[in-house]
Amino acid sequence: MRTTRALAVSAAAVAAVGLAAPMAVAWNTPSNIVATPSVIARGGQLTVTVDGCPRGGTMTSPAFPQARLSPLLGSRNESASGTATINQDARPGSYDITVNCEGTGPLTRPAAFTVIGGVRGGLGGSSTVGATPTDMAIGGGLVAAAAVGGGVFWMRRRSERHI
């Protein structure tokens with residue numbers, strides 16, 4: 001009877017350790033890649049934070065050169081963080097980030113951030129050159145209204161002199 005009880009206790013202990021081991025390994029794998037800001041212009045600085053990366057590592061993307069991830073001391077999720085500068089020649093669109101933490105395999109977050117095209121300074125933020133047909137119609141309408149208003153004003157003043 002004692003042998004059966006001892007065997008049952010050992011089987012329960014092995015099962016508990018067997019179930020807990022994958023969870024312990026999963027805790028030290030990178031997860032939850034967060035890029036801020038999520039929309040950025042060329043030449044801007046992007047901050048990336050990764051949970052489950054206690055010893056740091058590297059991050060890469062087609063939009064920026066490889067950058068270092070440094071451990072965040074005292075973080076509850078064993079996080080690492082790093083900054084990268086977006087290439088000046090990066091094309092507008094969504095980009096993935098691949099993280100390689102020391103001691104673990106790579107993790108990729110698809111469409112982690114979006115690069116937007118630059119704006120022309122001094123033109124009110126527009127990126128088109130010249131007047132559009134809508135601009136021409138509005139301008140023409142304003143000129144016509146001013147001409148009609150001026151004509152009416154001139155005709156009324158002229159008729160007041162004769163009285």
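Listed values, structure above:
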item	result
Residue match in segment 125-133 (condition: open to solvent by 90 Å² or more (accessible area, probe 1.4 Å) and either touching a helix residue (DSSP H, G or I) at 6+ places or on another chain (Cβ under 7 Å) or at pLDDT 90 or above (or both))	no
Long-range neighbours under 9 Å by Cβ, at least six apart or interchain, first residue under 15 Å from residue 59 (Cβ atoms) within segment 84-102, second among the polar types (S, T, N, Q) and in a loop (DSSP other than H, G, I, E, B)	101/28; 101/29
Residue under evaluation residue 83, criteria (1) open to solvent by 60 Å² or more (accessible area, probe 1.4 Å); (2) in contact with a strand residue (DSSP E or B) (Cβ under 8 Å, 6 or more places away or on another chain); (3) at pLDDT below 95, criterion not met	(3)
Pick from segment 98-116, criterion part of a loop (DSSP other than H, G, I, E, B) and of a type outside the set (Val, Ile, Thr), ranking: least open to solvent (accessible area, probe 1.4 Å)	105
Residue match in segment 68-78 (condition: of a type in the set (Gly, Ala, Ser) and either assigned to a strand (DSSP E or B) or closer than 15 Å to residue 115 by Cβ (or both))	yes
Total residues in segment 28-69, condition open to solvent by 60 Å² or more (accessible area, probe 1.4 Å), under 15 Å from residue 102 (Cβ atoms) and without any contact (Cβ under 8 Å) to a residue 40 or more places away in the chain	2
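The values are calculated or read from the model by the stated rules, or taken from the named source; none is laboratory data. This structure is a prediction, so every number in the text was calculated from the model and none was measured. Because the Cβ atoms are built from the backbone with ideal geometry, glycine has one as well, and the counts that use them run over all protein chains shown. To get the accessible areas, we keep the full protein, side chains included, count just its heavy atoms, and leave off ligands, DNA and RNA. Shrake-Rupley method; radii C 1.70, N 1.55, O 1.52, S 1.80 Å.
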